[in-house]
Structures are given as structure tokens and as C-alpha cells.
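Structure, as C-alpha cells:
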Amino acid sequence: MYDLHCHSTCSDGQLSPADLVRRARERHVEVLALTDHDTLNGLPDAAATAAEVGIRLIPGIEFSCRWEGRGVHVVGLNFDPEHPQLLQAVAQQEQTRWERAQLIGEKLAKLGIEGAFEGACRLAGEGGMVGRPHFAQYLVEQGRVADIDGAFKRYLGTGKPGDVKQSWPVMEEAIGWIRAAGGLAVLAHPDKYKVTRTRLRAMVEEFRDVGGEGIEVVSGNQNTNVTRDMQQLATRYGLLASCGSDFHFPGQSWQDLGVMPPLPENCTPVWERF
Ligand code: MN
Ligand code: MN
Ligand code: MN
């Protein structure tokens, strides 16, 4: 059982890397990739626990990048986590995240919401990567909105007063970092970008043309028809197939560790290259 996409407290997940690995083991995952957003901070602890409980850990990351003006996510798998170019890129992404978080804090302060940057950093925790979900949590905590969804609808979502456009790298750049470190670049959850089928094909084609090697044919506990569509995309563009839960926290049955349909028979799994 492979699960090649999940998050810990080092980005926006709720379990520590060690607890995440233990939960994966309990849920019969044999090969796990921890793919926190734009950070490698969780990998040492995850690797130590993986060795202890007898699970194979693949180094992973989920890079935020952009394609034709919209955000897309590229998962890197099975790279050298000490590669200098990769480390430098991660430091750069981290800096970009901090700058954005500061700007979001300033925008919210202009609306009379004080302490949002500090609050979001506190919620992100030590070694955590601050992001919009932490601002959303802060807004809930402060009673500004009823729930996380409300925070995005009123303050943080696209076009809302606390929305800050982030200067993420282009897809090609993130793929380059992963490949430089000897890893495989996988387009994350292609079905979740709200684009037309034509645009999605264009995205996948460009992804492949600039060095991407796989796509997530299975992302979480998805419908059969989605799996079939994604498999067809993989076949059409000659890409390897990956699968991952995109687990963030317990209690979401559609995104739990190891919970997902199997890859279709006619796919070439990405792990054939591990
Ligand atoms: Mn996330
Ligand atoms: Mn993602
Ligand atoms: Mn993810």
C-alpha cells in the first residue's frame, strides 16, 4: 500500500511527522511520502520514526507554483533531501511565504484586525510553515467568522480584502529543482484545479514538456470516473501514475492515510522508478 502525498505540522497538517508515520503504519501503509508544502523540515523526524516502526519513507515535498496565472502544486518524490540547489529553493519559498504572511497581516490590520500575523505564526507552531489556513484559524479564534470556510469567503479568498497574490515560481522552475536533486516531479491532484478539460490538458502537456514525469491519478478517496479520467490523461501524455491521500488531519474520511482506490491496471506506477 502506497501513500505518496500527506502533510504534517511542518506545514498545515495536524499530526507531527512522527505521529503521522505511526498512523500510516497502523493504517497499513507500507511506503509513505511526507509531502509538506514548500518545506523539508519534517523529513528527519519522519525518517527516524519510519525506521523504528518498519515503514519505508520516501523523501517528498509539495511545491506551490503557478501556471498561466493560477496556482498549481507539484509534488517532488524520491530526491536527495540534502541537495544544495533544492535546499536553496526551499529557503527561497520559505522567504516568499513569510513575506506574504506579513502582507496578509498588514491588510487585516487595516481592517481593524490586530495581531493576525503573530497569531497565524503561533498557530503554525515552531518550525511550521505559516499559510492562509493559519490566518483562517486565527480569524475563527478571534470570533471574526464562524468557521474556516467563512474566513476564506470574507477575508482570505481570491479578491477578498486579505488576499495577497503570491509570487510563486513557474511550474518549470519547481520541476527543475526536483530533478536537480534526482527526484521525480508529479503534478498534484489534477482534478482539483477548477479549469476546463482543454486547459487541464494544456497544463498536463506543458508539465510533461518541461520535465514533469508523473501525475496523481489517484488523490484521496475519489470517484471511479475521476480515476478513469486521470488515468487517460496519464496515458495520453505518457506520464507515470502516482497516488496519495493528501491527508491533513484525522476525521476526513475522503482524505485519510492509506484510504484510496488502487491505481488502474494499465498505469505505470511512479514507484517503478524508486
Ligand atoms: Mn495543505
Ligand atoms: Mn495541494
Ligand atoms: Mn497536499
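Just so you know, all these numbers are worked out from the coordinates, no wet-lab data involved. What you see is a predicted model, and the numbers here were worked out from it, not measured in a lab. We place every Cβ from the backbone using ideal geometry, glycine too, and count neighbours over all the protein chains shown.
Note that region 239-254 has calculated 3J(HN,Hα) couplings of 9, 6, 9, 10, 8, x, 7, 6, 4, 10, 7, x, x, 10, 5, 7 Hz, one per residue in order, obtained from phi through the Karplus relation 6.51 cos²θ - 1.76 cosθ + 1.60 (θ = phi - 60°); glycine and proline are x. The residues Glu172, Glu272, when put in order of fewest to most other Cβ atoms within 10 Å, stand as Glu272, Glu172.
Taken about its Cα centre, the chain carries a charge dipole of roughly 880 debye when the Cβ of each Lys and Arg holds +1 and the Cβ of each Asp and Glu holds -1. Measuring nothing but alpha carbons in region 76-189 and taking Rh as the Kirkwood radius, the Rg to Rh ratio lands at 1.05. Where the centroid of each part is defined by its Cα atoms, how far is region 162-221 from region 241-274 in Å? So the two Cα centres are separated by 17 Å.
Note on the chain: with a GNM built from Cα contacts shorter than 10 Å, the maximum mean-square fluctuation among Val186, Val218, Val210 falls on Val210.
Between the amide H of Ile58 and those of Leu32, Ala33, Leu34, distances stay under 5 Å, these residues lying 5 or more places away or on another chain, with hydrogens modeled in the peptide plane.
GNM remark for the chain: springs join alpha carbons under 10 Å apart, and the peak mean-square fluctuation among Pro261, Pro161, Pro17 falls on Pro161. Sorting Glu216, Glu126, Glu205 by the number of Cβ atoms found within 10 Å of their own Cβ, with the fewest placed first, yields Glu126, Glu205, Glu216.
The orientation-averaged projected area of the convex hull spanned by the Cα atoms of the chain comes to 13.5 nm². The GNM of the chain, with springs linking C-alpha atoms under 10 angstrom apart, assigns the highest mean-square fluctuation among Gly150, Gly220, Gly244 to Gly150. Exposure proxy shown here: for Val204, Val270, the number of other Cβ atoms within 10 Å sets the order, fewest to most, as Val204, Val270. Amide hydrogen proximity for Phe63: with H placed 1.01 Å from N in the peptide plane, the residues at 5 or more positions away or on another chain lying under 5 Å are Asp38, Val74, Val75, Gly76.
Here region 151-231 is assigned +1 on the Cβ of each Lys and Arg and -1 on the Cβ of each Asp and Glu. Its dipole about the Cα centre then comes out at about 520 debye. The angle between the Cα long axis of helix 84-110 and the longest principal axis of the Cα atoms of the chain comes to about 30 degrees, rounded to the nearest 10.
Pairs of Lys residues in the chain, spaced 8 or more positions apart or belonging to different chains, with C-alpha separations under 22 angstrom: 13 in total.
Calculated mean residue ellipticity, 222 nm, the chain: -12000 deg cm²/dmol, from DSSP H runs (n ≥ 4) at -39500 (n - 2.57) each, averaged per residue and rounded to 500.
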